[in-house]
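**Student:** What follows is a structure written as structure tokens; I'll ask about it next.
The values are calculated or read from the model by the stated rules, or taken from the named source; none is laboratory data. None of these values were measured; they are calculated from a predicted model. FYI the Cβ positions are ideal-geometry reconstructions off the backbone, even for glycines, and counts take in every protein chain you see.
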Amino acid sequence: MRFGGGVSREARAARYGKLAPHQHAIRVQVVPLSSKTGKLYPCEAMVTVEGRESKAMADQIMTVSKERLTERLGLLSPHEMHGVDMAMRIQLGLAA
């Protein structure tokens, strides 16, 4: 999905997100991606989407309507998915 311009300290450029879907939900949780990969925090994970390195920013997780979803950009590898899952667990205070 594409996000519009951000507010406050959110990124202002269009961004893509990684979905955390549930098949019966009308809303999904989305982890925005950023192309600024210079610094990686514990609540972020490196991923490759459309051949470009990005970081998934679990500290900006949001819930959106499925109606906002457009085209699928790709799939994460199991290794990348594990990294995003761990970043989400850290952000939500669920890491053991």
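**Student:** Could you tell me whether MET1 is modelled with pLDDT of 90 or more, surrounded by 13 or more Cβ atoms within 10 Å (Cβ to Cβ) and of a type in the set (A, V, I, L, M, F, W, C)?
**Tutor:** Working: modelled with pLDDT of 90 or more: no; surrounded by 13 or more Cβ atoms within 10 Å (Cβ to Cβ): yes; of a type in the set (A, V, I, L, M, F, W, C): yes.
Here the answer is no, as MET1 does not meet what is asked.
**Student:** Out of all the residues in segment 18-53, which are surrounded by 15 or more Cβ atoms within 10 Å (Cβ to Cβ), of a type in the set (Gly, Ala, Ser) and at pLDDT 85 or above?
**Tutor:** Of everything in segment 18-53, those that are surrounded by 15 or more Cβ atoms within 10 Å (Cβ to Cβ), of a type in the set (Gly, Ala, Ser) and at pLDDT 85 or above turn out to be SER34, ALA45.
**Student:** Would you point out the residue of segment 54-96, among those that are among the β-branched types (Val, Ile, Thr) and more than 12 Å from GLU44 (Cα to Cα), that is surrounded by the most Cβ atoms within 10 Å (Cβ to Cβ)?
**Tutor:** VAL64
**Student:** I need the full set of residues from segment 37-76 which are assigned to a loop (DSSP other than H, G, I, E, B) and without any contact (Cβ under 8 Å) to a residue 24 or more places away in the chain, in order please.
**Tutor:** Of all residues in segment 37-76, those assigned to a loop (DSSP other than H, G, I, E, B) come to 37-43, 50-51, 61, 69-76.
Hits for segment 37-76 are THR37, GLY38, LYS39, LEU40, TYR41, GLY51, GLU71, ARG72, LEU75.
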